[in-house]
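Trainee: This is the structure, below, for whatever I ask next.
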Amino acid sequence: MSVRVAKPGALSTLQDLGRFGYQRFGVVVGGAMDEWSHRAANLLVGNRESEATLEITLIGPSLAFAETTLIALCGADLSPRIGERPLPLHRPVLLRAGSQLDFGRRQSGCRAYLAVRGGYHVAPVMDSKSTYLRAGFGGFEGRALRKDDEIPIGADDAEDYYPELGQSLREGGDPFCAPSWAVGPSFAFTAETSQAIRVIAGQQWEALTDGGQAQFVSAAFRITPNSDRMGYRLEGPKLDLRKPIEMISEGVTFGTIQLPPDGNPIVLMADRQTTGGYPKVANVASVDLPLLAQMMPDQRVRFELISLEEAQRLYLVREQDMNLATQAIRERRQAP
Amino acid sequence: MAVEPHRRAPGDHGAAFAHRDSSGSQRGANPDKPIVRSIPTGWRIEPVGDRCLIVEFGRRVDEEINRTARSVADHLMAHPIEGVIDIVPAFTSVAIHYRPEALADSSAGDSPHRRLRARIEAILAQGVARPSESLRLVEVPVCYGDAFAPDLAEVAAACGLTREQVIELHGASPHIVYMLGFAPGFPYLGGLDARLAMPRRATPRTRIPAGTVAIAREQTAIYSLETPGGWNLIGRTPLKLFTPQASPPCLLQLGDRVRFVPISLERFAALEAQQA
């Protein structure tokens, strides 16, 4: 089985949960920008959540499926459709052999995640299928998808993984079949809200002036257009340090907010470097990273300071939600 | 490239490590057995968000502090803690990335950060073995020719040296790999002769070819991939520093001693052809 790329879209790359265990060699973690949508998409098709999905950015590709394929799309709504029929998000969808998946106008969010039952059959590099574009390795040939690429995918049990979907597809004439249920709203980050992004104070938070601290949690920062998978460059009131700090490079993580000398913060995202030498004023709480990952250049972001304990409590609650969703999906499979 | 085992002189253990009394007899009985070392006090543990923490052993770039960081990183690699997914030693610190859900304990009400922090504190209080890595000396051939060394003349002028003296001092400096970072396989080497200390360039270059050898302050770096960069470019090696399919993927490892050996343009071309 394979999927053929009829049109590549703006930036479509295979990503999983990242390339951990190699940061000590300077190897970037990468992985899905919106880990929640990525995980949910995999769970819906019965994959391990660490399987790769296709991260689709802003303008979707056109993908031709030669055989019956079970897919799920989560995250941004980029108006997916089969022919003239809109394809529902956040649920499993069984595509009839010969279907072409197209995308249209962006309705909400920035990145959609396409999981296929059985996953994408590319060789892991350093234990991960994530594409790292800057060094050209991982994913499909170390690059974004191009026209006429054929990516091996799938598993033999796709058609009857959800028996009722297989039956409806065989009996009816529809181009695809999907259930009426979907995963809950906590898995559908629309990023159109004015909700503040919650952050935890960083190691150099105290080095900000009082004014700088006050502005950080009250001002709106614009996500500038030169933001990408590596980092979001923000623009707003210049944040000042009490005095310049001599930093020695050390580890950073997903969501670390660095403050370079120009006073404009940078939020480190999936393709961040492994170490950094700028003051770290804050770190985005992991539960709000998916929201940030779905935000667009020119959108404005506000920050709200919470404690590390609160961030970890929220994180554990979200993990519990994911476990409950996993269980619920499994039950749907057995009892239609 | 020649790689040879590098035996260190007896007693060369570094002053910052105080030997515990109990380990002294072990050392006498079997010099190859790992020696338990206490960690110099004054380390700090700080959260980096809700999925990472950093243990910091000092606030200056220094061989002993760096060796402590590497020892602790090695220990954590050899004795994995459930829930820890990545260990990233840097100049003076070790970053520890973890999955909070694997460190949660609903009954105790302790946060995952506090639980991991307590584990790390116990390890540091107990001391860790000296690095088990075989100490290697890696010879890195470098062509210091004009085509590869756009900043060599400027470095020489600023340091009041001739080009030949710069090359000689660079080759004679006792380089050691302190950290891999910035890009995959990109080594930061300490040990540069203080006479070659230069600030970084005011305006970084947008494209520096892979293999370029560069200096800034008292460090040398080798650009492992084509990237932007602000260091002073003094030569190029034909060796590949990063090979994603290899295991490990990097030519140089933390703690490696490195000697730069000048080569001609012809030799560079021959070695480069061999690498391809």
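Trainee: Condition test on B:G160, is it touching a residue at least 24 places away in the same chain (Cβ under 8 Å) and among the small types (G, A, S)?
Mentor: no
Trainee: Considering every residue within region A:314-330, establish whether at least one is closer than 20 Å to A:V217 by Cα and surrounded by 15 or more Cβ atoms within 10 Å (Cβ to Cβ).
Mentor: Within region A:314-330, one or more residues are closer than 20 Å to A:V217 by Cα and surrounded by 15 or more Cβ atoms within 10 Å (Cβ to Cβ).
Trainee: Would you please list the contacts, defined by Cβ atoms under 6 Å and residues six or more apart or on different chains, that run from a residue in region B:261-276 that is among the charged types (D, E, K, R) to a residue that is surrounded by 12 or more Cβ atoms within 10 Å (Cβ to Cβ)?
Mentor: Pairs found: B:E272/B:P238.
Trainee: Of all residues in region A:4-44 being part of a loop (DSSP other than H, G, I, E, B) and in contact with a Pro (Cβ under 6 Å, 6 or more places away or on another chain), which is nearest to B:Y178 (Cα to Cα)?
Mentor: Per the stated criteria, the residue is A:G26.
Every residue, every condition in (1) touching a residue at least 24 places away in the same chain (Cβ under 8 Å); (2) under 17 Å from the mean Cα position of the chain (by Cα), yes or no:
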residue: A:R111; (1), (2): yes, yes
residue: A:D127; (1), (2): yes, no
residue: A:L165; (1), (2): yes, no
residue: A:R170; (1), (2): no, no
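Trainee: Right, another one. Output yes when any residue across region B:196-205 is under 18 Å from B:P262 (Cα atoms), without any contact (Cβ under 8 Å) to a residue 60 or more places away in the chain, within 13 Å of another protein chain (Cβ to nearest Cβ) and assigned to a loop (DSSP other than H, G, I, E, B), and no when none is.
Mentor: For region B:196-205, residues under 18 Å from B:P262 (Cα atoms), without any contact (Cβ under 8 Å) to a residue 60 or more places away in the chain, within 13 Å of another protein chain (Cβ to nearest Cβ) and assigned to a loop (DSSP other than H, G, I, E, B): absent.
Trainee: Let me ask something additional. Among what's in region A:232-274 and is within 14 Å of chain B (Cβ to nearest Cβ), touching a residue at least 40 places away in the same chain (Cβ under 8 Å) and not in a loop (DSSP other than H, G, I, E, B), pick the residue that is surrounded by the most Cβ atoms within 10 Å (Cβ to Cβ).
Mentor: Result: A:I257.
Per-residue answers, yes or no, for (1) within 14 Å of chain B (Cβ to nearest Cβ); (2) part of a loop (DSSP other than H, G, I, E, B); (3) small (G, A, S); (4) surrounded by fewer than 21 Cβ atoms within 10 Å (Cβ to Cβ):
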residue	(1), (2), (3), (4)
A:R105	no, yes, no, yes
A:S130	yes, yes, yes, no
A:R134	yes, yes, no, yes
A:F140	no, yes, no, no
A:Y161	no, yes, no, yes
A:Q167	no, no, no, yes
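Trainee: Counting only residues that are of a type in the set (F, W, Y) and surrounded by 24 or more Cβ atoms within 10 Å (Cβ to Cβ), which one in region B:177-187 is farthest from the other protein chains (Cβ to nearest Cβ)?
Mentor: Top of the filtered list is B:Y178.
Trainee: For region B:209-218, give me each residue that is in contact with a Phe, Trp or Tyr (Cβ under 8 Å, 6 or more places away or on another chain) and either at pLDDT 95 or above or not in a strand (DSSP E or B) (or both).
Mentor: Of everything in region B:209-218, those that are in contact with a Phe, Trp or Tyr (Cβ under 8 Å, 6 or more places away or on another chain) and either at pLDDT 95 or above or not in a strand (DSSP E or B) (or both) turn out to be B:P209, B:A210, B:G211, B:T212, B:V213, B:A214, B:I215.
Trainee: Of all the strands (runs of 3 or more DSSP E) wholly in region B:224-276, which have at least 1 residues that are surrounded by 20 or more Cβ atoms within 10 Å (Cβ to Cβ), more than 14 Å from every other protein chain (Cβ to nearest Cβ) and in contact with an Asp or Glu (Cβ under 7 Å, 6 or more places away or on another chain)?
Mentor: By residue number, B:232-236.
Trainee: Then there is this: Kindly provide the set of residues from region A:162-173 that are out of contact with any Cys (no Cβ under 6 Å at 6 or more places or on another chain) and closer than 15 Å to A:E67 by Cα, ordered by number.
Mentor: Hits for region A:162-173 are A:G166, A:R170.
Trainee: State which residue is nearest to A:E51 (Cα to Cα) when the search covers only region A:78-100 and only residues that are without any contact (Cβ under 8 Å) to a residue 40 or more places away in the chain and not in a loop (DSSP other than H, G, I, E, B).
Mentor: Taking the candidates together, the pick is A:R81.
Trainee: Quick check on my filter: what residues within region B:252-272 are hydrophobic (A, V, I, L, M, F, W, C) and modelled with pLDDT of 95 or more?
Mentor: B:L252, B:V258, B:F260, B:V261, B:I263, B:L265, B:F268, B:A269, B:A270, B:L271
Residues checked against (1) more than 12 Å from every other protein chain (Cβ to nearest Cβ); (2) over 14 Å from the mean Cα position of the chain (by Cα):
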{"position": "A:V5", "(1), (2)": "yes, yes"}
{"position": "A:T13", "(1), (2)": "yes, no"}
{"position": "A:G18", "(1), (2)": "no, no"}
{"position": "A:F25", "(1), (2)": "no, yes"}
{"position": "A:A32", "(1), (2)": "yes, no"}
{"position": "A:H38", "(1), (2)": "yes, no"}
{"position": "A:N42", "(1), (2)": "yes, no"}
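Trainee: Looking only at region B:77-121, count every residue that is more than 8 Å from every other protein chain (Cβ to nearest Cβ) and among the hydroxyl-bearing types (S, T, Y) and tell me the total.
Mentor: Going through region B:77-121 one residue at a time, the tally reaches 3.
The values are calculated or read from the model by the stated rules, or taken from the named source; none is laboratory data. These numbers come from a predicted model, not from an experiment. Every residue, glycine as well, gets a Cβ built from its backbone with ideal geometry; the counts of neighbours run over all protein chains shown.
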